[in-house]
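Take a look at the structure set out below.
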Amino acid sequence: MPTPASTPARLAGRLPVAVCLTLLAGAWIAHLFLRATYHPGHPLRLLVSVVLIACVALLGWVQTRAVGSQDEFARTVHAAALAIAFPTSVVTALALGYARAEGVLTHTDPHDLPALMVAIWAASLALAWRRYR
Amino acid sequence: MNNRLKVLRAERDWTQGQLAGHLGVSRQAVNAIETGKYDPSLPLAFKIGRLFGLSLEEIFFPDQPERGAALRDPI
């Protein structure tokens with residue numbers, strides 16, 4: 001009798017996404033640290049910025065491949081997650097933008113917005129899975 | 001949409017994981033279909049029908065009477 005993918009196999013399928021998320025988190029933390037330590041244009045800052053951008057691009061590619069290999073139910077959950085994440089990201093970006101324009105939250109940096117969007121997407125995914133559990 | 005998937009699975013003494021293996025989907029998908037949280041696509045619904053040797057109407061049925069049913073079948 002055929003059986004669904006075993007737990008180790010399913011975990012192996014999620015490994016690339018987990019690795020990318022870990023890399024992204026590490027690069028983001030390093031970027032925040034370097035931004036506070038070194039002046040703009042410093043080679044180290046530049047290098048970590050490139051690594052950060054590469055991590056985001058890699059995560060997008062790996063996640064797209066992972067979703068494509070999943071069954072229709074998982075793809076529905078991912079679509080539901082995007083339906084939550086997109087408007088939430090728009091509202092967050094608008095709120096931060098207007099808050100900065102009005103002199104509130106001026107210590108925030110618009111460069112962190114994409115990383116925040118990744119966090120919103122991850123939270124939305126967890127919420128969507130919870131809804132269908 | 002409601003369905004008899006849980007009953008049909010129990011009749012064959014299958015676990016959700018075993019049924020998922022037959023259908024080529026995840027156990028979570030089978031659980032979501034059984035609990036009515038997810039309606040399968042037509043291809044998957046037909047696959048379920050073929051697996052149990054039943055028509056779709058014998059497995060899946062709407063929550064409430066169809067709209068207009070009273071007009072079509074007056075007492």
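Coordinate-derived values only; no laboratory data. If you're wondering where the values come from, they're calculated on a predicted model, not measured in any experiment. Backbone-built Cβ (ideal geometry, glycine too); neighbour counts: all protein chains shown.
Observations
- Rounded if a/c under 1.5, otherwise prolate or oblate - the range A:35-123, Cα gyration tensor axes: oblate
- Length available on full extension from residue A:44 to residue A:17: 0.36 nm per residue minus the Cα-Cα distance, which gives 7.1 nm.
- Cβ crowding within 10 Å ranks B:1, A:117 as B:1, A:117, fewest other Cβ atoms first.
- Cβ crowding within 10 Å ranks B:11, B:58 as B:11, B:58, fewest other Cβ atoms first.
- In this simple spin-label approximation, residue A:64 and residue A:95 carry label points 7 Å from Cα along the Cα→Cβ vector, and these lie 3.0 nm apart.
- Using C-alpha pairs under 8 Å with a sequence gap of at least 6, the mean separation divided by the residue count of chain A gives a relative contact order of 24 percent.
- Taking a span of 18 Å or more along the helix axis (Cα atoms) and a mean Kyte-Doolittle hydropathy of at least 0.0 as the rule, no DSSP H helix of chain B qualifies.
- Between the amide H of residue A:38 and any residue lying 5 or more places away or on another chain, no distance stays under 5 Å, with hydrogens modeled in the peptide plane.
- Extended-chain gain in nm, criterion 0.36 nm per residue less alpha-carbon gap, residue A:123 and residue A:75: 15.6 nm
- Peptide A:67-73 has a mean of 5 when you count, residue by residue, the C-beta atoms of other protein chains within 10 Å of its C-beta.
- In the protein assembly as shown, taking the dipole from charged Cβ atoms about the Cα centre, the farthest positive-side position among A:22, B:41, A:121 is held by A:22.
- Label-to-label distance, nm, for residues given as residue A:37 and residue B:64 (7 Å Cα→Cβ offset): 6.3
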